[in-house]
Amino acid sequence: MKNFKTKTFFFTTIVFGLLTFVTFIAFAAGDESTLPANILATTFAKLFYVFRFPTHSLFSYFYSNGWTPFLIGLTINCLLYGAVTERLIHFVKKIRTADK
């Protein structure tokens, strides 16, 4: 991990955080039956199941003990997805430079 790029990590974490927020709002709107009946809104509502993985799917503590653990779990997911995406970007760049 000596080539870990913190700028890429922070950028991807923020992007995943924004996507998680949007999907959470869409999911809540669907739960309250106020979601518009179009494919984009429905897709965002369904994508919340992806963005809440792995903490909320594997550990019931994060969704059954109030808002604070719920939001901490979503933050952990965003950090995890940001780290994985940074490593994938690094891996793809490494493969591309090795092919030249």
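Read the figures in this text as sums done on the coordinates, not as results from a lab. What you are looking at is a predicted structure, and each value in this text was computed from that prediction instead of being measured. Cβ placement follows ideal geometry from the backbone for every residue including glycine, while neighbour counts extend to all protein chains displayed.
Which of GLY30, GLY66, GLY82 moves the most in a Gaussian network model of the chain with Cα springs under 10 Å?
GLY66
Under DSSP H, which helices of the chain have Cα atoms covering 30 Å or more of the helix axis and a Kyte-Doolittle average no less than -1.0?
6-31, 67-99
For ARG87, ARG96, ARG52, which order do you get if you count the other beta carbons within 10 Å of each Cβ and list the fewest first?
Least crowded to most crowded, the residues run ARG96, ARG87, ARG52.
Give me the three principal axis extents of the chain from the C-alpha atoms, as integers in angstrom, largest value leading.
53, 33, 21
Place a point 7 Å from Cα of LYS94 in the direction of its Cβ. Which residues in segment 1-41 have their backbone N less than 11 Å from it?
Answer for segment 1-41: 1-4.
If I take R0 = 30 Å and measure r between the Cβ atoms of PHE4 and PHE59 in this structure, what FRET efficiency does the formula 1/(1 + (r/R0)^6) give, to the nearest 0.05?
According to the calculation, E is roughly 0.70.
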